[in-house]
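Peer 1: Structure below; questions to follow.
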Amino acid sequence: MAPPRAQRTMLVVAGDAPPTAGGGARFAAPPPERDHTQDLPDEILSLVFASLTPTDRNACSLTCARWKEVDASTRHRLSLDARAALGYAAQGIFARFTAVSKLALRCARGSGTDSLSDDGARQVAAALPSARLARLKLRGLRQLSDDGLASLAGATPVIRKLSVASCSFGPKAFVAVLRSCPLLEDLSVKRLRGLPDTAGATTAITEEILFPPASSLRSVCLKDLYSALCFVPLVASSPNLRSLKILRCSGSWDLPLEVIAARVPGLVELHLEKLQVGDRGLSAVSACANLEVLFLVKTPECTDAGIISVAEKCHKLRKLHIDGWRTNRIGDHGLMAVARGCPDLQELVLIGVNPTVQSLRMLGEHCRSLERLALCGCETVGDPEIICLAERCAALKKLCIKGCPVSDRGMWALNGGCPSLVKVKLKRCRGVSYECIENLKVVRGGSFSISLDIVLERDAGGAIENGGQEAGQVQITELTDQMAAMDLPTNATNAQSSAQASSRMRSVMSALRRRFGNPPAL
């Protein structure tokens with residue numbers, strides 16, 4: 001029996017016809033004699049791998065033994081599926097990836113009891129590269145208790161950033177974190193499930209949980225916590241804290257802010273979003289004389305009085321974001337105080353706040369460094385206000401206007417004003433025409449950029465004027481046309497498809513009735 005013929009590998013050049021049985025014209029390049037990627041040094045390969053997405057990098061690591069070794073020895077970020085079995089595989093994983101400095105342990109929402117437990121956490125902790133790991137992120141570990149977090153913290157003594165979210169341990173677990181991680185600088189806590197109901201009991205919390213001093217902590221973020229007041233003692237025990245973010249947390253925050261401001265006077269950045277905080281809390285914040293960034297987002301109890309107290313003492317303020325939530329409690333008086341007390345202001349964002357020419361003129365005259373200004377949903381900002389900005393704000397570089405009653409007259413004032421202006425964004429401004437925008441582009445020229453969301457504005461304006469009915473009729477008509485264009489089967493062989501199409505049509509009509517009421521007669 002004759003030995004089998006050796007198979008030849010042919011490379012067909014793109015655009016040429018593939019080989020055919022009839023022996024047509026074709027071009028087949030011979031296989032390369034050697035792999036030229038082997039000439040690349042490991043340093044170049046590592047740079048290439050660093051520019052890839054995690055999925056592509058995983059695929060490249062399986063190409064050959066050399067690529068696998070280079071990837072393993074230079075991979076600094078590692079994200080693992082933190083299920084119960086991870087504890088058994090941790091030793092082999094970290095023996096392969098020896099350069100990991102940023103680790104994420106994630107578990108999907110539907111994993112239930114299959115997430116990493118305390119026993120698995122101890123196994124992972126025993127395998128961690130404790131001398132190099134600088135960042136640790138935990139997501140969805142619902143089976144992990146205080147003891148499990150303490151095990152992980154004990155194995156990461158040089159960690160500098162810790163982020164936890166959707167986990168089941170409580171605030172006491174962070175006592176062990178602060179004791180085991182003396183270099184911790186950044187702490188983020190979101191959506192914890194193990195927090196007790198202690199709203200308003202700040203004194204009791206301080207006596208119950210004694211957090212050790214965290215002199216290295218620079219940034220703390222508390223988000224979506226039912227009882228974030230548990231962490232007030234932790235924040236107060238961080239004398240060198242520079243950034244504090246409290247977002248969508250329950251409880252009254254006036255008294256806690258007084259405690260924090262008294263013990264952490266060096267705050268530079270403060271974010272307060274959807275909190276029960278009023279002028280008393282802002283007055284306490286004013287004790288932080290080095291405050292440079294302040295975000296007040298949907299805090300309806302804050303008024304001009306609180307803004308005035310901050311402006312009178314926080315003279316280093318550079319960024320101020322205020323979302324008044326259309327409560328009309330913050331207006332000209334507070335903004336004029338900001339103009340007088342904060343001459344270094346560079347960025348001002350006003351959402352749902354109604355300033356007039358009076359306050360905008362003072363801002364332009366006193367805040368000579370104002371470079372970025374956003375006016376969103378400001379009912380009092382019209383042509384006179386824009387003309388005032390064009391005349392007074394010489395340093396303004398970026399301007400954003402959304403949902404304000406301005407017209408071509410006000411926008412044309414930018415033709416000769418704001419000499420430093422390079423970017424303007426307009427949205428939901430019905431009085432501004434596209435012709436005005438084009439003329440501004442031509443006149444200013446250079447690197448000047450301006451955009452107008454005019455199509456969406458017309459649709460949104462019609463919906464607002466007609467109480468949403470017009471938009472509803474348009475959507476109903478569009479969906480009706482789509483249904484009429486369906487290719488519905490007419491014979492018995494496609495009965496199943498017809499039933500599915502009819503079911504989809506019934507679902508669409510039910511959704512329309514729930515959203516807009518009964519559709520009009522066609």
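Peer 1: Using R₀ = 41 Å, calculate the FRET efficiency as 1/(1 + (r/R₀)^6) where r is the Cβ-Cβ separation of Arg191 and Lys398; round to 0.05.
Peer 2: 0.75
Peer 1: Based on Cα positions only, what radius of gyration and what Dmax would you give for the stretch 146-302, in angstroms?
Peer 2: Cα only, the stretch 146-302: 14.6, 44 Å (Rg, Dmax).
Peer 1: With every protein chain in place, what's the accessible area of Lys398 (1.4 Å probe, Å², nearest 10)?
Peer 2: 100 Å²
Peer 1: Right, another one. May I ask for the equivalent-ellipsoid semi-axes of the stretch 61-194, computed as the square root of five times each C-alpha gyration tensor eigenvalue and listed largest first in whole Å? Show your work: numbers first, answer last.
Peer 2: Values: eigenvalues 120, 60, 30 Å².
Computed over the stretch 61-194, the values are 25, 17, 12 Å.
Peer 1: Right, another one. Roughly what would the spin-label model give for Asp114 and Lys423, points 7 Å off Cα along C-beta, in nm?
Peer 2: Distance between label points: 4.4 nm.
Peer 1: Sort 275-285, 376-386 for me by packing, meaning the mean count of neighbouring Cβ atoms within 10 Å per residue, highest on top.
Peer 2: Values: 275-285: 21.9, 376-386: 20.1.
Output ranking for 275-285, 376-386: 275-285, 376-386.
Peer 1: Provide the gained length on full extension for the span Asn290 to Ala95, in nm with one decimal, where the gain is 0.36 nm per separating residue minus the Cα-Cα distance. List each step's numbers first, then the result.
Peer 2: On the way: separation 195, 0.36 × 195 = 70.20 nm, distance 4.63 nm.
The span from Asn290 to Ala95 would gain 65.6 nm if fully extended.
Peer 1: Now for a different question. Relative to the Cα centre, what is the charge dipole magnitude of the stretch 362-463, using +1 at the beta carbon of each Lys and Arg, -1 at the beta carbon of each Asp and Glu, and rounding to the nearest 20 debye? Walk me through the numbers before you get to the answer.
Peer 2: Details: 15 positive and 12 negative charges, 76 e Å.
Around 360 debye, computed over the stretch 362-463.
Peer 1: What distance in nm lies between label points placed 7 Å from Cα along the C-beta direction at Val443 and Lys68?
Peer 2: Inter-label distance under the simple model: 6.8 nm.
Peer 1: How far apart, in nanometres, would the label points at Ser130 and Lys245 be if each is projected 7 angstrom from Cα along the Cα-to-Cβ direction?
Peer 2: 3.1 nm
Peer 1: At 0.36 nm per residue, and after removing the present C-alpha to C-alpha distance, how many nm does the segment from Thr37 to Ser215 gain when stretched out fully?
Peer 2: On the way: separation 178, 0.36 × 178 = 64.08 nm, distance 4.92 nm.
Additional length available on full extension: 59.2 nm.
Peer 1: When the convex hull of the C-alpha atoms of the stretch 250-331 is computed, what volume per residue in Å³ does it have? List each step's numbers first, then the result.
Peer 2: Numbers: hull volume 6.1 nm³, N = 82.
Convex hull volume per residue, Cα atoms: 74 Å³.
Peer 1: Another question about this same structure. In square nanometres and to one decimal, what's the mean projected area of the convex hull around the Cα atoms of the stretch 149-193? Intermediate values should be presented prior to the final figure.
Peer 2: Numbers: hull surface 10.6 nm².
Convex hull of Cα atoms, orientation-averaged projection: 2.7 nm².
Peer 1: A further question follows. Residue by residue through the stretch 89-102, which ³J(HN,Hα) values in whole Hz follow from phi under the Karplus form 6.51 cos²θ - 1.76 cosθ + 1.60 (θ = phi - 60°), with glycine and proline marked x?
Peer 2: So the J values, rounded to whole Hz, are 8, 4, 4, x, 5, 7, 6, 7, 8, 8, 10, 5, 10, 10.
The values are calculated or read from the model by the stated rules, or taken from the named source; none is laboratory data. What you see is a predicted model; the values in this text were computed from it and never measured. We place every Cβ from the backbone using ideal geometry, glycine too, and count neighbours over all the protein chains shown. Just so you know, the surface numbers come from the protein's heavy atoms only, side chains and all, with ligands and any DNA or RNA stripped out. Shrake-Rupley method; radii C 1.70, N 1.55, O 1.52, S 1.80 Å.
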